[in-house]
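The values are calculated or read from the model by the stated rules, or taken from the named source; none is laboratory data. Every value quoted in this text rests on a predicted model; they were computed, and no experiment measured them. Virtual Cβ from ideal backbone geometry, glycine too; neighbours counted across all protein chains shown.
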Amino acid sequence: MYRDNSIVKLKLDVIFKRVFGSEENKDIIAAFISAMLEIPRDSIEEIYISNVELAPEYLEQKFSRLDLRLEIDGRLVNVEMQVNYEPDFQERTLFYWSKLFSDELKAGEEYGELKRTVCINIINFNLFDCEDYHSQFKVMERDRHEVLSDKFAIHFFELKKKNNVRKNAPMEDWLRLIDAETEDDLMAIQRTTQIPEVKKTIVKLRHLSADEQVRQEVYYREKRLHDEATALGHARREGIAEERKKTIARMRELGFDDEQIKSIYGE
């Protein structure tokens, strides 16, 4: 099932949550959040993980989404790992941020008590037309660039662009680790990183890779993700084919002959 050089991938949801959703790994979580949000490590004093468990029914879902919800020093932080491309991903992220932000306000509380809410999206596909792997969004006035509120922040980290720009070594070490797929990848990161928690995570990944039960779980999840990608691809192809049929029918209504249509569509 696995080659000797292979490892369980940290970017796979079940492994990502085992590492970053574990109470015993709060030092790893703090170092990770510090690097990704570019905030001082010693400024993180308290971490509360509110959705640690992966329910059995989650593993049965094809179209499942991993999100890790943290409360860090009164700041709400949601971390999402998305392997397969998903249409309208930006809109879904906005919707999720708004729910996370508004749901915290209890009856009788003032709006000023709403917590700063940050979404971190780590995605295994290209989303924006840029070279930079890190995109950070805020709400600000168009001309003056005055920030409307510091309680809104959404970050995107595109794994496939991580080698395009070198600007933040800690951030890039974590992204390389999340994207690692072989033991050779882990050894390369271990040789160069200066982050103790990255090295500690590498040790944990090796332990998980040696666990046959974890390997079986990973195999099962990867198959589900493959099914998801196949289903989405099939749906897109069906949609394109249907639109093509409608366009050709409309062209015939407008007087295009078969030769003209064939020159455009090959039909």
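If only residues of the stretch 84-95 that are in a helix (DSSP H, G or I) and over 13 Å from the mean Cα position of the chain (by Cα) are counted, the one that is surrounded by the fewest Cβ atoms within 10 Å (Cβ to Cβ) is Glu91.
State yes or no: is Leu68 of a type in the set (A, V, I, L, M, F, W, C), within 18 Å of the chain's Cα centre (by Cα), closer than 17 Å to Ile120 by Cβ and at pLDDT below 85? When the stated conditions are applied, Leu68 passes them.
Would you pick out the residues in the stretch 113-132 that are in a loop (DSSP other than H, G, I, E, B) and over 18 Å from Ser50 (Cβ atoms)?
Quick first cut of the stretch 113-132, residues in a loop (DSSP other than H, G, I, E, B) only: 114-116, 124-132.
Asn124, Phe125, Asn126, Leu127, Phe128, Asp129, Cys130, Glu131, Asp132, listed by residue number.
For beta carbons closer than 8 Å, sequence separation of 6+ or different chains, a first residue in the stretch 133-151 that is in a loop (DSSP other than H, G, I, E, B) and a second that is surrounded by 10 or more Cβ atoms within 10 Å (Cβ to Cβ) and among the polar types (S, T, N, Q), the qualifying pairs are Tyr133/Asn164; Val139/Ser149; Lys151/Thr117.
Sub-7 Å Cβ pairs linking a first residue in the stretch 31-45 that is more than 14 Å from Leu70 (Cβ to Cβ) to a second residue that is at pLDDT 85 or above and in a helix (DSSP H, G or I), at least 6 apart or interchain, are Ala35/Pro170; Ala35/Met171; Ala35/Trp174; Pro40/Ser34; Arg41/Ala30; Arg41/Ala31; Arg41/Ser34, ordered by first then second residue.
Among residues of the stretch 96-112 being assigned to a helix (DSSP H, G or I) and either within 17 Å of the chain's Cα centre (by Cα) or modelled with pLDDT under 85 (or both), the one that is farthest from Ile39 (Cα to Cα) is Asp103.
Here is the figure for the stretch 86-109: residues that are touching a strand residue (DSSP E or B) at 6+ places or on another chain (Cβ under 8 Å) and hydroxyl-bearing (Ser, Thr, Tyr) total 2.
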